[in-house]
Amino acid sequence: MSRFLVRKVAVLGAGVMGAQIAAHLANCNVPVVLFDLPVNPGPQATPSSSPPPEGGGSPGKAGSSQGPKNGIVAKAVEGLKKLKPAPLGVPELASRIQQANYEEHLALLADCDLVIEAIAERMDWKLDLYQRIAPALAPHAIVASNTSGLSIGKLAQALPEAMRPRFCGIHFFNPPRYMALVELIATPSTRPEILDQLETFVTSTLGKSVVRAKDTPNFIANRVGIAGMLATMKEAETFGLSVDVVDDLTGKKLGRASSGTFRTADVVGLDTMAHVVRTMQDNLKDDPFYATYATPPVLATLIEKGALGQKSGAGFYKKVGKDILRLDPAAGDHVQGQQAGTYVPAGKKADEIVARMLKKPAAERLKLLRESSNPQAQFLWAILRDAFHYAAVHLAEIADSARDVDFAMRWGFGMQQGPFELWQDAGWQQVAQWVKADIDAGKAQSSAPLPDWVFDGRTGVHTPEGSWSPSRKTYVPRSTLPVYSRQLFPENVSGSAAGAPLKSGTEVFRNDEIRVWTPDGEVLVASITAKLHLIGPLVTEGLLKAVELAETGYQGLVIWSPDDVFSAGANLEALMPVFMKSGAKGIAPEEKKLQDAMLRIRYAQVPVVSAIRGLALGGGCELALYSARRVAHMESYIGLVEVGVGLIPGGGGLACIARRAAEMAAAGNANADILKFVTDGFTNAAMAKVGTSAIESKKLGYLLDGDVIVPHKDELLFVAITQARAMAASGWRAPARAPFPVAGRSAIATIKGQLANMRDGGFISAHDFHISTLIAEVVCGGDVDAGSLVTEEYLMAMERQRFCALLEHPKSQERIMGMLSTGKPVRN
């Protein structure tokens, strides 16, 4: 496959999805032009010409009657800075989005290698737009529609014949920064290499997980997912369950997104869900499940009332003050013959006996649910049965293999397992017989029989050779595109016999909380296995051993774990018995061991690379800071958060802030005021600022210019190992130990004055003032003259003394115990 360079991307349509797709391109350093309708300054503009919320109206119509020509796009880009969850890594990235309109700027398309159309779901508007942009497109450009369910083949017919081989569907899920799934859909005319090139770009550059779907209404994830939500709503009504109980049952307890079913609908938008349902109603009249696509009356009533979910302030749930209310559909007045419902306090949970069933292994779990007389258990069996039935009947139509369905449901709907995985884990033939029995008894949503291939003696659909494809009548292996060689441990389906990361490679050292191993004999990997990867004495011991081993026989050391936590910090709970027995004097030696380990990592004779994904807080942040290089997944959340538990950073974090301030001052001007450079680091630590992305973490100073941000989580280890090898090959050496200047007592006085104003103004508590003062003392070097030279060990001793003193402070103890008992910070 020839390399396809994406130098610039155009996004057509500045609505909810288009603007956020542009934002994610900006996050990933891809130049992007965002188009929408021009503003028509004339008086003839009418309300019908305004673009709908989905983004972008007909390109032949004016978008508004007032403002600058790019007003629609400008408003959308400005809105990105305020949207939650944040689509931009930092708000400043909005400036990377070039603003354009269809009337003045179509010539910009000539420089775009990829054009993503994301206007409203109107076939006529899309076709109109394609005809207009076609003459301006580069001959090599890929054109992709971000439709959520319209026929890609029909859309292709609007393009000149020469362009059709370079046209396909690309379906991002909302919000595109955070949702892993992207569905790619070919037409009969799409050249195979076009999808290969696009999959490579979307995977490695944008960090998304790709599933190739067939050109059927709503593709895979929305087809299966929305059908499942409709079935859940129907079965909830059948078994008389309230929306909060259903959400508790269908959330984390069932291995799905914590928002469950009804809250998910609220977040998506009830009108958006209804639109997806309407696509099924309009285009699937021959589907044996067609009757199940009827819009639930309660959903129709809410939409009619303008209760569209989270975006309108009310849907199945409503927040009043601090109280969360849930809809009781059976109460309230009648509206057009339907019960309108009213809101009552939410918070009902699943029955404990059912919650216990859901903790059992898959086979036992499904057997218990099916045989129980508890309505909640019967409800759960019903929706799982319906999911198995629906997925099996539609597999050949919508997807190339069972793996595509399972991945689509994982990545698009937040499930831990897709329907085929769960079915296989629970015992394929037994579950198949149960589903068949319910179909025969008229209990299922449809009378359609299970396909013959379900009963052909198989034990499942996922094998080490691949996943079952009814259309090919064989097991299909995963894609072998070169981009996937960068994923050393790609996410896989159960039954595929994929290697478990923490059992792979050659193990070199292990204790109860860390595994040190090598995948290739050249680079060592240290994987923390403690809960939340908390750093306790055993982890410290393991890291020291890893450095020692790496120095004696390896090119470098990578610190990496295969989940969403790099390290949530120090293991305070493990330290409490020591503290209760010996007080702060017992903690000080352990604290020094941790600090010494950080220095050992910094001055190791091989490069130590921290591969960060998810949380890197407190001691986890310090571990990253003392590494020679950091390779961070885009969704990394890095910060020194110790003040939340009434402490100061005690693993060298403050010493690092002081050293970096001295380095920045020296780089700018030998006589520069160090206080100017230490202020940001002090503020970050005193306010427990956490970067909400790797990009913001870099802005806060937790990542440096030489560090690497990786969009795809499964490429993190590959990139980190590559960095370690490259550093070793280029002759990397540890920095020389040398004292450095500090800001001194005058800077401490300045900071204390600012803190006193905040305390006196009621912005911080007296204890916050005390902790922040201690932080200032360390980062400024204590009671010394400005410019005095100190060592890291000197500052670490200051850290240690103040950390241990705070451990004995009653208000800090309140914060520690509050966090350990509730998981929430105590403000005192």
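The values are calculated or read from the model by the stated rules, or taken from the named source; none is laboratory data. What you are looking at is a predicted structure, and each value in this text was computed from that prediction instead of being measured. As a convention, Cβ positions derive from the backbone with ideal geometry for all residues, glycine included, and neighbour counts pool all protein chains shown.
Which members of region 711-728 meet the condition of being in contact (Cβ under 8 Å) with a residue 24 or more places away in the chain, aliphatic (A, V, I, L, M) and surrounded by fewer than 19 Cβ atoms within 10 Å (Cβ to Cβ)? A728 - this is the single residue of region 711-728 that is in contact (Cβ under 8 Å) with a residue 24 or more places away in the chain, aliphatic (A, V, I, L, M) and surrounded by fewer than 19 Cβ atoms within 10 Å (Cβ to Cβ). Once region 535-565 is narrowed to residues that are of a type in the set (G, A, S) and surrounded by 19 or more Cβ atoms within 10 Å (Cβ to Cβ), the residue that is farthest from Q487 (Cα to Cα) is G536. Those helices (runs of 4 or more DSSP H) of region 722-828 in which at least 2 residues are β-branched (V, I, T), considering only elements entirely within it, cover 744-760, 766-779, 810-822. It is to be established whether one or more residues within region 122-140 are surrounded by 17 or more Cβ atoms within 10 Å (Cβ to Cβ) and part of a strand (DSSP E or B). Within region 122-140, none of the residues are surrounded by 17 or more Cβ atoms within 10 Å (Cβ to Cβ) and part of a strand (DSSP E or B). Filtering region 98-114 for residues that are assigned to a loop (DSSP other than H, G, I, E, B), under 25 Å from G207 (Cβ atoms) and either modelled with pLDDT of 95 or more or touching a Pro at 6+ places or on another chain (Cβ under 7 Å) (or both) leaves a non-empty set.
Kindly evaluate L195 against the criterion of being in contact with a Phe, Trp or Tyr (Cβ under 6 Å, 6 or more places away or on another chain), at negative phi and at pLDDT 95 or above. Break it down into steps so the answer makes sense when it comes.
On the way: in contact with a Phe, Trp or Tyr (Cβ under 6 Å, 6 or more places away or on another chain): no; at negative phi: yes; at pLDDT 95 or above: yes.
It is false that L195 is in contact with a Phe, Trp or Tyr (Cβ under 6 Å, 6 or more places away or on another chain), at negative phi and at pLDDT 95 or above.
Residues of region 566-582 that are surrounded by fewer than 20 Cβ atoms within 10 Å (Cβ to Cβ) and hydroxyl-bearing (S, T, Y): S582 alone.
If you filter region 659-681 down to residues that are in contact (Cβ under 8 Å) with a residue 24 or more places away in the chain and closer than 23 Å to I612 by Cα, you find that the one that is nearest to the chain's Cα centre (by Cα) is G681. Highlighted here are the helices (runs of 4 or more DSSP H) found entirely within region 398-471 that include at least 2 residues which are more than 24 Å from L380 (Cβ to Cβ) and in contact with a Lys or Arg (Cβ under 8 Å, 6 or more places away or on another chain): 402-413. Working carefully through the options D456, D406, D425, find the one that is surrounded by fewer than 18 Cβ atoms within 10 Å (Cβ to Cβ) and either on the phi > 0 side of the Ramachandran plot or not basic (K, R) (or both). Result: D456 is the single residue among D456, D406, D425 that is surrounded by fewer than 18 Cβ atoms within 10 Å (Cβ to Cβ) and either on the phi > 0 side of the Ramachandran plot or not basic (K, R) (or both). Report yes if some residue within region 590-605 is at pLDDT 95 or above, of a type outside the set (F, W, Y) and at positive phi; otherwise report no. Within region 590-605, none of the residues are at pLDDT 95 or above, of a type outside the set (F, W, Y) and at positive phi.
Among the residues of region 148-184, those that are out of contact with any Phe, Trp or Tyr (no Cβ under 9 Å at 6 or more places or on another chain) and part of a strand (DSSP E or B) comprise C168, I170, F172, L184.
Filtering region 244-254 for residues that are at pLDDT 95 or above, in contact with a strand residue (DSSP E or B) (Cβ under 7 Å, 6 or more places away or on another chain) and either over 27 Å from A141 (Cβ atoms) or not small (G, A, S) (or both) leaves a non-empty set. Among the residues in region 594-609, are any in a helix (DSSP H, G or I), within 26 Å of T205 (Cβ to Cβ) and not hydroxyl-bearing (S, T, Y)? No - not one qualifying residue is present in region 594-609. Counting only residues that are under 24 Å from G15 (Cα atoms) and either touching a Ser or Thr at 6+ places or on another chain (Cβ under 8 Å) or outside the structural domain of T238 (by TED's automatic domain parsing) (or both), region 280-307 holds 1 of them. Of the residues V493, V483, V516, the single one that is outside the structural domain of K208 (by TED's automatic domain parsing), outside any helix (DSSP H, G or I), within 26 Å of the chain's Cα centre (by Cα) and surrounded by 15 or more Cβ atoms within 10 Å (Cβ to Cβ) is V493. Scanning region 72-102 for residues that are under 28 Å from L5 (Cα atoms) and surrounded by fewer than 15 Cβ atoms within 10 Å (Cβ to Cβ) returns P91, E92, S95.
When you scan region 812-821, do you find a residue that is of a type in the set (G, A, S) and in contact with a Ser or Thr (Cβ under 6 Å, 6 or more places away or on another chain), even just one? Checked against the condition, which is being of a type in the set (G, A, S) and in contact with a Ser or Thr (Cβ under 6 Å, 6 or more places away or on another chain), region 812-821 yields no hits at all. Somewhere in region 654-667, is a residue at pLDDT below 95 and within 25 Å of H770 (Cα to Cα)? No, that holds for no residue.
Inspection of region 777-800 finds no residue satisfying the criterion of being touching a residue at least 12 places away in the same chain (Cβ under 8 Å) and more than 29 Å from E663 (Cβ to Cβ).
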